[in-house]
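Any read-out appearing in this document is the output of simple, stated calculations on the displayed coordinates, not a laboratory observation. As the structure is a computational prediction, the values presented were derived from the model and not from experiment. We place every Cβ from the backbone using ideal geometry, glycine too, and count neighbours over all the protein chains shown.
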Amino acid sequence: MGLLIPLEDYKELRINKGELTKDKKLDKFILWKTSAGRSMFSIRQIDARLGIAAKFLADKKEILLVCSELDEKYAKIFGELTSTKVINKFSTGMLSNPLYKEYSEPEILFTTNVDLNRNAIEESNIMGLPTIGFCNTNSNISGVDLIVPLNITNKKALKVSLWLIANNIRKLRGEEEVGVEVFGED
């Protein structure tokens, strides 16, 4: 089975670069360690998980994407392309308190950084919502139903990952595919 983009493109993006520390729960995604001790994700695992995330999201009508400042620009474009609600600051009660002015009832929560968005993950778990999350080698993955391992500290890696998921969602929905250039310059 082929990759979503060529292997060399993934390598150039450094999409698989992890941290010096790791969570043992992520060992199944880690392929090797550098001589300096940095854990490196398997590019094939990243690619497979990006495809699975797209398939999982494609049939959802109400998706809530909680992004970070690092990828907010790309998350907003993702939202426009996939009819996804995008926020970069999650407040407790957004999923659980109908009286809260920002209250939302999504079918699924998607976050581009599981470390920065723990509150959103915990609240989605309380509400019984499935959760998809981008994580690095040292991330706390508790409460995440579909882990997408990748370098969450690299803007280009986040941009291309969001594009790959959005493009595959569009393809699965029978919509016109878009090129990565739609996500703009870095």
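Hey, could you check region 49-71 for residues that are surrounded by 15 or more Cβ atoms within 10 Å (Cβ to Cβ) and charged (D, E, K, R) and say which is nearest to Gly133 (Cα to Cα)? The selected residue is Arg49.
Out of the residues in region 1-48 that are among the acidic types (Asp, Glu) and surrounded by 15 or more Cβ atoms within 10 Å (Cβ to Cβ), state the one that is farthest from Val178 (Cα to Cα). Checking each candidate, the answer is Asp23.
Okay, residues lined up against (1) assigned to a helix (DSSP H, G or I); (2) touching a Phe, Trp or Tyr at 6+ places or on another chain (Cβ under 6 Å):
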| residue | (1), (2) |
| --- | --- |
| Lys60 | no, no |
| Leu70 | yes, no |
| Ile77 | yes, yes |
| Leu81 | yes, no |
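Please go through region 61-102 and give me each residue that is in contact (Cβ under 8 Å) with a residue 12 or more places away in the chain and among the aliphatic types (A, V, I, L, M), ordered by number. Once the filter is applied, which keeps residues that are in contact (Cβ under 8 Å) with a residue 12 or more places away in the chain and among the aliphatic types (A, V, I, L, M), region 61-102 yields Ile63, Leu64, Leu65, Val66, Leu70, Ala75, Ile77, Leu81, Val86, Ile87, Met94, Leu95.
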